[in-house]
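K.L.:
One structure is given below, represented as structure tokens, and several questions about it will come after.
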Amino acid sequence: MIMHYLIELYHKLFNKHNLQDVFTPGTIAKVNYLRRKDLEKRISTSLDTPGVQIILYGHSGSGKTTVIRKLLDEKKYKFVRTQCTTDKTLNDIILDAFSQLDCYCVSEQTFKSGQKIGSALKSEIESIKAEISCVTENSSEQRLTRLLPPRLTPQKLAEFFRETGQIWMIEDFHKLCDEEKQKLADVMKIFVDEANDMDDILQPSKIICLGAVNTPRELVTLDPNLSSRVDQIKVPLLKDEEIKEIIEQGCHLLNVVMSEKLVQNLVSYSNNIGSLAHFMCLDICNDLDVKKTTFKRVLVQDNSFDVAIKGYLNRNSDTLQKSYDLITAKNKAAWYVLKTLNMCNKDSISYSTLINRINPKHIQLTEDDIQKALAELQSQPYYIIRYDEDRDSYSFSTPFWSAFIRIQLESEQAEKNKKKNKNNKHALIIDQDSFEAMTFRNFLDLYEEQFKLLMLAKNK
């Protein structure tokens, strides 16, 4: 008993952690990292297998980046990271990767695997750099695009990666257009072939692609030869018990104890997304002025859940509104999809049910229109809905989105009613400030209602 007390006292005095190191919604988890043993074992095996390229895929917030970065750091593998966007081409990505490789091309530097980077490679890198130029592509915007020199081929890039001992991590490859995805599939095949031709002494070239759920087939379909040479690894969303472990583990590091009900609420509203749990816990701790590990234990009550909700709203209300306005303005089918999901009164809805329930009277929608809307609503930057491949069903990505859409649709209906009653002198007139205040109150009420529905669904 005394020994346990002394150990606990030691940790309180000397093992202090800063709040921003414990709850890290915007960065890779370190001190509060959740081990996912089976997933990590599979990824680790693929990392260590020569010639095998890797595709990590899953929902936004599933932890793809966190788990791969953690393993690469533990294995002391160096990597170059490039980010895909909708307007990028494969040439842009190659140039970005090449630019980052430059810092590793130090003459006669010895790497982990024992190879040396000689002066010849450094000279070749410098020569290619000199060939890269900029041209004005759009005179009105003065947008500059770097030209890919003829010598900087995918084969040459694979050689550079091999000789520098780097892994190439390509994030959000699903954002590329189909033409560029085809080129990426070709590049992955080149990296495979390059690994087969390499000297056993050197570390083989390897690409790790990170993409949204159901994206591996996009690359493998483009080049069927990749199917046996690419390990397609799904990163599932966190389970409720894993989210709970993140919360409790972080609280333990800070010497904070949350009530059971509060933890339950945070788990439900995280919707299996680790970053949401981190954000809500961060807001609660900041509100209590817990900036680092406390000597005296801090007890957190149920009402701190309101702090977490309001914190999310303060950060995201404008973003939610902008995303909704953008997607519904350019895609009319998206509005009907969201309306149907809102009306189903369930935590999810099957594709067939969704199609059957979308039946606009004055607007003709094809199934193709609806499928395109579903695809866009699932993608970034929106990520309003989520598709569950195992259950073949759709749902809102978070309870926050569910509540927002419900309020938004009710507000739109209220605005229509207001226009209908504009000539009615007895109609209720609400000024903007009052309307916004009423909306905010309704927002909080709906969260509570939504939580009750979630708990009922889980208990069935």
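The values are calculated or read from the model by the stated rules, or taken from the named source; none is laboratory data. The shown structure was predicted, so the numbers you read here are calculated from the model rather than taken from an experiment. FYI the Cβ positions are ideal-geometry reconstructions off the backbone, even for glycines, and counts take in every protein chain you see.
K.L.:
Is it the case that some residue within region 320-339 is more than 20 Å from the chain's Cα centre (by Cα) and not in a helix (DSSP H, G or I)?
P.N.:
yes
K.L.:
Of all residues in region 369-421 being assigned to a helix (DSSP H, G or I) and under 16 Å from Gly61 (Cα atoms), which is nearest to the chain's Cα centre (by Cα)?
P.N.:
Gln378
K.L.:
Please enumerate the residues belonging to region 273-289 that are without any contact (Cβ under 8 Å) to a residue 40 or more places away in the chain and closer than 16 Å to His59 by Cβ.
P.N.:
Residue satisfying the conditions is Ala277 alone.
Table: residues versus (1) under 15 Å from Gly63 (Cα atoms); (2) in contact (Cβ under 8 Å) with a residue 12 or more places away in the chain.
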{"site": "Gly211", "(1), (2)": "yes, yes"}
{"site": "Asn214", "(1), (2)": "no, yes"}
{"site": "Thr221", "(1), (2)": "no, no"}
{"site": "Leu226", "(1), (2)": "no, yes"}
{"site": "Val230", "(1), (2)": "no, yes"}
{"site": "Leu238", "(1), (2)": "yes, yes"}
{"site": "Glu242", "(1), (2)": "yes, yes"}
{"site": "Met258", "(1), (2)": "no, yes"}
{"site": "Phe295", "(1), (2)": "no, yes"}
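K.L.:
Out of region 79-122, which residues are assigned to a helix (DSSP H, G or I) and modelled with pLDDT under 55?
P.N.:
Hits for region 79-122 are Cys103, Tyr104.
K.L.:
Sticking with this structure for a sec: Filter region 17-54 for residues that are surrounded by fewer than 15 Cβ atoms within 10 Å (Cβ to Cβ), in contact with a helix residue (DSSP H, G or I) (Cβ under 9 Å, 6 or more places away or on another chain) and at pLDDT below 90; which is nearest to Ile233 (Cα to Cα)?
P.N.:
Only one residue tops the list, namely Pro50.
K.L.:
Right, next: Just to be sure before I move on: is Phe305 at pLDDT below 90, over 22 Å from the mean Cα position of the chain (by Cα) and farther than 19 Å from Tyr387 by Cβ in the structure I sent?
P.N.:
no
K.L.:
Starting from region 48-59, keep only residues that are over 12 Å from His174 (Cα atoms), then list their pairs with residues that are polar (S, T, N, Q) whose Cβ atoms are within a distance under 7 Å, requiring at least 6 positions of separation or different chains.
P.N.:
The qualifying pairs are Gly51/Asn196; Val52/Ser46; Ile54/Ser46.
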